[in-house]
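Following: one structure in structure tokens, then a few remarks.
The values are calculated or read from the model by the stated rules, or taken from the named source; none is laboratory data. In this text the structure is predicted, and so the values were computed from the model without any measurement. Note: accessible area is taken over every heavy atom of the protein model, side chains too, but ligands, DNA and RNA are not part of it. Shrake-Rupley method; radii C 1.70, N 1.55, O 1.52, S 1.80 Å.
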Amino acid sequence: MIVQLFVFAILAMGFGIYALVKKKQMVGVMFLLMGILLLVVGLVVVYVYPHSWPW
């Protein structure tokens, strides 16, 4: 589950950058922010529950 969170964060940030390149400003910014939020949530979960780190 935690790895999936990081994968979704990378995919969201990648799509956000792609949308910014394609001149879709609002969609790009929202997906970029969503990716950053998912990354922060994943890092907080790993910090608070270190035993749940998948490897």
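Using a 1.4 Å probe on the protein heavy atoms, what percent of the accessible area of the chain belongs to carbon and sulfur? Reported share for carbon and sulfur atoms: 81 percent. Angle of helix 25-48 to the longest C-alpha principal axis of the chain, folded into 0 to 90 degrees and rounded to 10: 10°. Averaged over its residues, the chain has an accessible area of 79 Å² per residue, based on protein heavy atoms and a 1.4 Å probe. Computed extension gain for Val40 through Ile10, at 0.36 nm per residue and net of the alpha carbon distance, reaches 9.6 nm.
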